[in-house]
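Participant: There's a structure below that I have some questions on.
Just so it is clear, none of the values below were taken in a lab; they were calculated from the coordinates. Since we're looking at a predicted model, the values are computed, not measured. Cβ placement follows ideal geometry from the backbone for every residue including glycine, while neighbour counts extend to all protein chains displayed.
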Amino acid sequence: MNWYVAEIIVRSRVGKSSKRKSLYDRQFKVLRASSHEAAYQRAIRLGREENFSYKNSLGETVSWRFAGLGNLEMLLEKEIVDGTEVISRLERGDPKSKIRTKRDLTVFWAERNKKKTAGQLLNRTTRPFAPR
């Protein structure tokens, strides 16, 4: 059995909003499989499990639908332990543009904002990772 990382892309749609400028979620999930094909099938199943809908406070239907896989990679490590590298990307450009302060790392941002409503979070002054 090998370890894989699947990038699962799930798209959100509110009411009859345009698909072109929709919100989407890039989820990176670790999975085990005996072959590349088995990993692919498992990733597809995991993606489809993300499909769901609900009504927002305005009565509009909010739908999350699996859009597809962004990538599927086999991990080189056979065992997942503390510190195991799961994703690596070589990119060109200034790395400073990708570095966030501790305050803006997702775990700390989420903790700070856990009691805010979606409307408050969408307000430009409280958006995550807003330029300072």
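Participant: Can you list which of the trypsin sites (Lys or Arg not before Pro) found in the stretch 40-90 are DSSP loop residues with at most 14 other C-beta atoms within 10 Å? The partial results should precede the final answer.
Facilitator: Details: sites: 42, 45, 48, 55, 65, 78, 89; in loops: 78, 89.
Sparse-neighbourhood loop trypsin sites (Lys or Arg not before Pro): 78, 89.
Participant: If amide hydrogens are placed 1.01 Å from N in the peptide plane, which non-local residues have theirs closer than 5 Å to the one on residue 75?
Facilitator: 3, 4, 5
Participant: What percent of all Cα-Cα pairs in the stretch 32-92 falls in each 10 Å bin, counting up from 0?
Facilitator: All Cα pairs considered, the percentages come to 17, 32, 29, 16, 6.
Participant: Okay, moving on. To check my understanding: the extent here is largest minus smallest coordinate of the Cα atoms along each principal axis. What are those three numbers for the stretch 1-77, in Å, largest first?
Facilitator: If we take the Cα atoms of the stretch 1-77, the spans are 47, 20, 17 Å.
Participant: Same structure, new question: If each DSSP helix of 4+ residues adds -39,500 (n - 2.57) and the sum is divided by the residues in the chain, what number results at 222 nm, nearest 500 deg cm²/dmol?
Facilitator: Numbers: 3 runs with 26 residues, N = 132.
The helix contribution divided over the chain gives -5500 deg cm²/dmol.
Participant: Okay, moving on. Would you look at the GNM of the chain, springs on alpha carbons closer than 10 Å, and say which of 111, 49, 73 moves the most?
Facilitator: In this elastic network of the chain, the residue with the biggest mean-square fluctuation among 111, 49, 73 is 111.
Participant: Roughly what angle does helix 36-48 make with the longest principal axis of the chain, taking Cα atoms, 0 to 90 degrees, to the nearest 10?
Facilitator: Orientation of helix 36-48: about 20 degrees from the principal axis.
Participant: Checking the table 16/115; 55/115; 29/55; 55/102; 29/78; 55/98 against a 25 Å threshold on Cα-Cα, which pairs fail?
Facilitator: Values: 16/115 28 Å; 55/115 20 Å; 29/55 27 Å; 55/102 34 Å; 29/78 16 Å; 55/98 35 Å.
In this structure, 16/115; 29/55; 55/102; 55/98 exceed 25 Å between Cα atoms.
Participant: Could you give me the radius of gyration and the Dmax of the chain, taking only the C-alpha atoms into account and expressing both in angstrom?
Facilitator: Taking only Cα atoms of the chain, I get Rg and Dmax of 17.8, 48 Å.
Participant: Could you work out the relative contact order of the chain? I mean the mean sequence separation of Cα pairs under 8 Å and 6+ apart, divided by the number of residues, in percent.
Facilitator: On the way: 174 pairs, mean separation 34.4, N = 132.
Reported as a whole number, the value is 26 percent.
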